[in-house]
There are 2 protein chains.
Amino acid sequence: MVETTRRQAIEDVASDLFRERGYAATSIRDIARALSVQGASLYAHVASKEDVLWGIVDRAATRFEAAADRAEAEAEARVPGDPVEALAAMVRAHVHVLTSDVGGAGVFVHEWRALGPERRSAILARRDVYERRFRAHIEDGIAIGVFAMTDSGLAASALLSALNGTATWYDPKGRLPAPRIADHLVDLSLRMLGAS
Amino acid sequence: MVETTRRQAIEDVASDLFRERGYAATSIRDIARALSVQGASLYAHVASKEDVLWGIVDRAATRFEAAADRAEAEAEARVPGDPVEALAAMVRAHVHVLTSDVGGAGVFVHEWRALGPERRSAILARRDVYERRFRAHIEDGIAIGVFAMTDSGLAASALLSALNGTATWYDPKGRLPAPRIADHLVDLSLRMLGAS
DNA sequence: CCTACCGATCGGTAGG
DNA sequence: CCTACCGATCGGTAGG
């Protein structure tokens, strides 16, 4: 468990650095310096630099997926078969993951290109599945007339881009607290889809 | 003029590479290889690698600004003092710049962090001014009741993030032609703001 | 977790 | 635009 903890500390520090400067512009020695150890010492805990990136990205992806699972289940329990309710819950969950771990989520959003070919396509496939869940609710809503007719694929992309932008500008010590940001983004999202 | 042309060819090739792999992950030799010359030969045309990035980013910023100028002027000429018209024109102009130069615009959107401190803050200041123009139209629209009441700053950020996402997924040979994408994004944007 | 070190690659210069 | 080369830094390993 000591190693798990140490590994987590490495990924936490790396998340912030990768988010600020990007993966390629951050060296193993930068990460080590932030932890007050020598660069080579990190290799007792991680196999490679890309391994650190993968740990961060995989963890963030898992958090987004789990939050969406819970959001869909709770929305379905509260108001069964309502696409508006489901989409609102998914948006709120997505923003919560973003704001509760800006480092990890920001790296997930922007730095997946730095992964090797197989991990990169694995994460793209997961992102695709995730985006389709939003699209499915949009299509359900269009079908029953609670959302305006639109290109559901483009709408889902635009929606997630709007939400993900939060990872770039969100500041925990900023003007708006995270729950207010989530409220606003839920409103903007539903309006964007023409929710009645 | 030969040099201007050559310089432009370097920036064009670099735009695509920076967009795909990121600035830090692209070497001067990568750019040179795409032009079938030796790495050192590029230094007859550019002062430094950051100089290439700056050329791309500055040019893209200028295109966004000029397109917004024209859009505002034309909207004002067509329907004076209408925030909805003005905002729709700005969105359309923004998407046009994005889709007509995915490389340059994509680098502008994502790689400004790689600039040195002074150029980085210069470009952030220009981005801020540009975003404020969107925000001003949003506030005008709220004031006269054609847009729903909302946090104008957050709405402007979310709107531009939604549009900028296009730079990530847009493919000139893709399913939707650029003008259709612009149409959809104008619709989504106006709806998001609650345009009556 | 450290020191010592590796081969490779980087941005960039000199001199033609 | 080329060859030849520079000092610095990179990710990573060996051996303790």
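Just so you know, all these numbers are worked out from the coordinates, no wet-lab data involved. Note that this is a predicted model, so its numbers are computed, not measured. Cβ: placed from backbone, ideal geometry, glycine included. Neighbour counts: every protein chain shown.
Worth a mention:
- Cα long-axis angle, helix B:49-78 against chain B (0 to 90 degrees, to the nearest 10): 30 degrees
- ³J(HN,Hα), Karplus 6.51/-1.76/1.60, whole Hz, each residue of segment A:16-21, x for Gly, Pro: 5, 5, 4, 5, 6, 10
- Whether the protein assembly as shown is rounded, prolate or oblate, judged on the alpha carbon gyration tensor where a/c under 1.5 counts as rounded: oblate
- Counting only alpha carbon atoms, the long axis of helix B:83-100 and the longest principal axis of chain B meet at about 20°.
- Per residue, the convex hull around the alpha carbon atoms of segment B:112-196 comes to 106 Å³.
- Sites listed here are trypsin sites (Lys or Arg not before Pro) in segment B:116-196 whose DSSP assignment is loop and whose Cβ has at most 13 other Cβ atoms within 10 Å: B:Lys173, B:Arg175.
- Its Cα gyration tensor gives segment A:1-135 an equivalent ellipsoid; the semi-axes, largest first and in whole Å, are 33, 15, 12.
- Degrees separating the helix B:117-143 axis from the principal Cα axis of chain B, which is the longest one: 20 degrees
- Cβ-based net charge around B:Gly106, under 11 Å, with every Lys or Arg adding one and every Asp or Glu removing one: -3
- Distances between equivalent label points of B:Ala77 across the copies, with each point positioned 7 Å along Cα→Cβ, amount to 6.0 nm, shortest listed first.
- Across the identical copies, the 7 Å label point of A:Ser196, projected outward along Cα→Cβ, sits 2.1 nm from its counterparts, in ascending order.
- Whole-number percent relative contact order across chain A, with pairs defined as alpha carbons under 8 Å at least 6 apart: 23 percent
- Over segment A:5-85, the Kirkwood radius and the radius of gyration, each from Cα atoms, give a ratio Rg/Rh of 1.22.
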